[in-house]
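Data first, discussion second: the structure below is written as structure tokens.
The values are calculated or read from the model by the stated rules, or taken from the named source; none is laboratory data. From a predicted model like this one, the values you see are computed outputs, not experimental measurements. Cβ sites come from the backbone with ideal geometry, for glycine too, and all protein chains shown count toward neighbours. These area figures cover heavy atoms from the full protein model, side chains too; ligands, DNA and RNA do not enter into them. Shrake-Rupley method; radii C 1.70, N 1.55, O 1.52, S 1.80 Å.
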Amino acid sequence: QVQLVESGGGLVQAGGSLRLSCEASGRTFSSYTMSWFRQSPGKEREFVAANTGSGRTYYADSVEARFTISRDNAKNTVYLQMNSLKPEDTAVYYCAVKRSAIVVQSTTHYDYWGQGTQVTVSS
């Protein structure tokens, strides 16, 4: 059974940093796209960052140059280093994986999702 478990969320002041982790189990995802999405109350889930099986990375404009996605295939884990956090980054952050490396910014066609971890940035 595949499981994605996120960790590392919490409360941080604006300008601070957090590092999220998402550990996958149940199969190997080294060739999969591993991504992060986030959702704030009353808003749709939105793309944050993706790392494809070939190592190509994609970022939402709103997080470019502040967030970095990386992965450790030996640990079946994807990370999201978040720096210079802003109150508008407050959301539940979800990791997701899918087989393909196309249209990674869309929530559709992702095969597995984690349960989410809360990130709250105070002003």
For the stretch 1-40 and the stretch 47-123, distance of Cα centres in Å: 7
Test item: Cα-centred dipole of the chain, Lys/Arg +1 and Asp/Glu -1 on Cβ, debye: 240
Rounded accessible area per residue of the stretch 7-123, 1.4 Å, Å²: 50
Rounded to whole Hz, the Karplus (6.51, -1.76, 1.60) HN-Hα couplings of the stretch 71-76, x for glycine and proline: 8, 10, 5, 5, 9, 6
Positive-end residue of 8, 105, 33, charge dipole of the chain with Cβ unit charges: 33
Options 57, 76, 94, ranked by Cα towards positive dipole end of the chain, top entry (Cβ charges): 76
Cut-off 14 Å between beta-carbons: net charge of the residues surrounding residue 120, Lys and Arg +1, Asp and Glu -1: 0
Long-range HN-HN contacts of residue 16 with modeled amide H, under 5 Å: 85
J(HN,Hα) series, the stretch 90-95, from Karplus relation 6.51 cos²θ - 1.76 cosθ + 1.60, nearest Hz, glycine and proline x: 4, 4, 8, 9, 10, 9
Sulfur and carbon atoms: percent of accessible area, the chain [1.4 Å]: 45
Exposed-loop-free span, longest in the chain, where GluC sites (Glu not before Pro) count as exposed if DSSP calls them loop and at most 16 other C-beta atoms lie within 10 Å: 65-123
